[in-house]
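Presented below is the structure to which this report refers.
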Amino acid sequence: MSDKQNEKEVKGGLSRRGFLGASAVTGAAVAATAFGGAVMSRETWAAAVKEAKNKVHVAPGELDEYYGFWSGGHQGEVRVLGIPSMRELMRIPVFNTDPATGWGITNESRSIMGEYYPNGDCHHPHISMTDGRYDGKYLFINDKANTRVARIRLDIMKTDKITSIPNVQAIHGLRLQKVPHTKYVFCNGEFFIPHPNDGSSFDLQADNSFTCFSAVDAETMKVAWQVIVDGNLDNTDADYTGRFAASTCYNSERALDLGGTMRNERDWVVVFDVHAIDKAIKDKKYVMMDGVPVVDGRKAKNSPFTRYIPVPKNPHGCNTSPDGKYFIANGKLSPTCTVIAIDKLPDLFAGKLKDERDTVVAEPELGLGPLHTTFDGRGNAYTTLFIDSQLCKWNIDEAIRAYKGEKVNYIKQKLDVHYQPGHNHASLTESRDADGKWVVVLSKFSKDRFLPVGPLHPENDQLIDISGDVMKIVHDGPTFAEPHDCIMCRRDQIKTKKIWDRKDPFFADTVARAKKDGVNLETDNKIIRDGKKVRVYMTSMAPSFGITDFTVKQGDEVTVTITNIDQIEDVSHGFVMVNHGVSMEISPQQTSSVTFTADKPGVFWYYCSWFCHALHMEMMGRMMVEKA
Ligand code: K7E
Ligand code: CUA
Ligand code: CA
């Protein structure tokens, strides 16, 4: 955005291109009031913008301060960005197929992926924690499309486990236990289904129709337990004591149609008592469903595991403040956020409160379509307003005072964003270290911000400097299909390997197979025939493969296993078998393998697909397939 545009916006002008002009006026009016009616001078504003721009500029060769992990939406991947430059550093394939690395093609990736789907739908990336701080070990992400949860090892930035969640459909909200460490990955099943869902009943109002809240063990990636709930589950977050998690529900109506989901003035936040659930599991007070211990947390059953706190209306985001004091539910169809005091929850579960609403300490009115809230660690919250296309900065303590009846304006600023923001995310905001430097706003619409690229527009992720009193947009970043959410951590919180460790579990199965074949992967170039199965083992070192030709029979199942014995950082090789849909990455000290059928007679060239050497083009070989 130009400085001029930025400046006009803070002055309340109608500067935005496209529609939504009317709500911009309302928003700007509120912003002006929040500044006590005073508007910054043109010079002050220009100086502030210039300062922010200098800060955001990461010169060629300089490194970013933060890692950002972006959900790749229905592209099914995770993207790694540098912040504040917003440069894309890497893509990590998760639920998708990726020809560059061979994800979805190699034996190593296919064994992690399990049951194969060609797609995924990622929303919520979260970094594992120890004592409420990012520990840089894992990143977890959901797949709404095929009801799965994946784990990425951050030392190698590869997916290493994928778990299908039984008894539910569509994992949406996903968050991690923060304290004492990430033992559980909490996963919301969004849609309720009949149990068993085997075609014997389609009655979704029946008692045996429900969805569940799931806890996945972060180390084993097995489902530890599930809790049956009323309504449905949208987003979730955990507290800083380790005892509670909370999820929003937008369909308390149990409706099957749009109108029906909007009937109730209030839906709810379901609070889960993780300790009570753990105890029931330990005491064997559960039923087994599809191999998972399940407890009943429905309202009518007066469950010791859950409480249902009424909040207005079709709430969406659920966010824990980094001081550990509040769960905040974002109203979506209500212009409010609901602030729930976590220190009142033990009394709620102990039956000492008259009403679930007694846990609510504020319900600030922010604007139209509040979706998600993020925090600066200085007591301020930042809520995206989808319909208003704004980011609203407000003060939590002041909102609490206003709720008690005091006359205080808790809204600090409304900033126009472009356009229709969903998630927002401040640096380190999900941890005790929330540092209030940057907010990223992930806008769903880009409209006219970029060169037109046809009917499908990119999304627009905007970087906002929140280090001062005034929020400033410093960067637009077009993104593809569709990051719902992202997470940022300091660069010192991630420690990556520069080359592979030969003992890495990622390819341990392949190493074990080679051992059975009597092959030393680091030195041997060998072809093993086993009936119609042919196993080709070779090394690679720039610029050549250890085997430059081999012969098989038409119809043979061929497994090519390659070990890159280069020790030099960044010298990755690839292996592509022409006209066979075979492609994979072999990075320094890595072993990769791929299995395919040699179903066409003739000569087929294979080549290295990652540019590794001046003689990279010459890094090739041939497979001869004899007619059957
Ligand atoms: Cu899109 Cu977190 Cu799935 Cu909100 S969610 S925007
Ligand atoms: Cu090896 Cu290119
Ligand atoms: Ca509703």
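Observations
- When you filter the chymotrypsin sites (Phe, Trp or Tyr not before Pro) in the stretch 194-258 for DSSP loop state and at most 14 other Cβ atoms inside 10 Å of their Cβ, you are left with Phe202.
- The H on the amide N of Met90, modeled in the peptide plane, is under 5 Å from the matching H of Val80, each at least 5 residues off or on a different chain.
- Net charge over other residues, Cβ less than 15 angstrom from the Cβ of Asp433 (K, R count +1; D, E count -1): -1
- Kirkwood-type hydrodynamic radius, the chain: 26.3 Å, calculated from all non-identical alpha-carbon pairs.
- Distance-filtered residues of the stretch 232-269 - backbone nitrogen under 18 Å, label point 7 angstrom along Lys282 Cα→Cβ: 241-245
- Sequence of Glu557, Glu43 when ordered by accessible area, the most exposed leading, probe 1.4 angstrom: Glu43, Glu557
- Separation in nanometres of the label points that stand 7 Å from Cα toward Cβ, at Gln567 and His275: 5.3 nm
- Rounded to 10°, Cα long-axis angle of helix 42-56 versus longest principal axis of the chain: 30 degrees
- Relative packing of 159-166, 76-83, which averages over residues the other C-beta atoms within 10 Å, highest first: 76-83, 159-166
- Each residue of the stretch 560-565 was assigned a 3J(HN,Hα) from its phi angle through the Karplus expression (A = 6.51, B = -1.76, C = 1.60, θ = phi - 60°), giving 9, 10, 10, 10, 7, 8 Hz with x at Gly and Pro.
- Order by protection proxy (mean Cβ within 10 Å, highest first), peptides 450-461, 388-399: 388-399, 450-461
- Solvent-accessible surface ranking, highest first, for Asp556, Asp203 at 1.4 angstrom: Asp203, Asp556
- Given Lys178/Lys497; Lys50/Lys412; Lys144/Lys299; Lys284/Lys354; Lys414/Lys444, the pairs whose alpha carbons are separated by over 27 Å: Lys284/Lys354
- The 1.4 Å probe gives accessible areas that order Leu258, Leu615, Leu233, largest first, as Leu258, Leu615, Leu233.
- Ile473 accessible area, assembled protein chains, probe 1.4 Å, Å²: 10 Å²
- Neighbourhood charge, 10 Å Cβ-Cβ cut-off, centred on Ser209 and excluding it, Lys, Arg +1 and Asp, Glu -1: -1
- Asp273 accessible area, assembled protein chains, probe 1.4 Å, Å²: 10 Å²
- Under Karplus coefficients 6.51, -1.76 and 1.60, residue-wise ³J(HN,Hα) of the stretch 373-382 in Hz, glycine/proline x: 10, 9, 9, 9, x, 10, x, 9, 10, 10
- Relative contact order (%) - criterion: Cα under 8 Å, at least six apart; region: the chain: 11 percent
- The chain - accessible surface per residue (Å², probe 1.4 Å): 40 Å²
- Share of carbon and sulfur in the accessible heavy-atom surface of the chain [1.4 Å probe, %]: 54 percent
- Cα long-axis angle, helix 21-34 against the chain (0 to 90 degrees, to the nearest 10): 60 degrees
- Annotation: amide H-H contacts under 5 Å for Ala245 (H modelled 1.01 Å from N, sequence separation of 5 or more, or interchain): Phe272, Val274.
- Across the stretch 236-291, C-alpha contacts under 8 Å between residues 6 or more apart give a mean separation that, scaled by the residue count, equals a relative contact order of 31 percent.
- For the peptides 124-136, 328-340, residues were scored by their other Cβ atoms within 10 Å and the scores averaged per peptide; the highest-first order is 328-340, 124-136.
- Cross-link reach list, lysines versus Lys301, counting only Cα pairs under 17 Å and skipping chain neighbours closer than eight places: Lys285
- The calculated 222 nm mean residue ellipticity attributable to helices in the chain amounts to -3500 deg cm²/dmol, summing -39500 (n - 2.57) over DSSP H runs of n ≥ 4 and dividing by all residues.
- With θ taken as phi - 60° and the Karplus curve 6.51 cos²θ - 1.76 cosθ + 1.60 applied, the whole-hertz 3J(HN,Hα) list for the stretch 104-113 is x, 10, 6, 5, 4, 6, 5, 6, 6, 6 Hz, x standing for glycine and proline.
The values are calculated or read from the model by the stated rules, or taken from the named source; none is laboratory data. Values in this document were obtained by computation on a predicted structure and should not be read as measured data. Counting neighbours? That spans all protein chains shown, and the Cβs are built from the backbone with ideal geometry, glycine included. Ligands, DNA and RNA are excluded from the accessible area calculation, which covers all protein heavy atoms including side chains. Shrake-Rupley method; radii C 1.70, N 1.55, O 1.52, S 1.80 Å.
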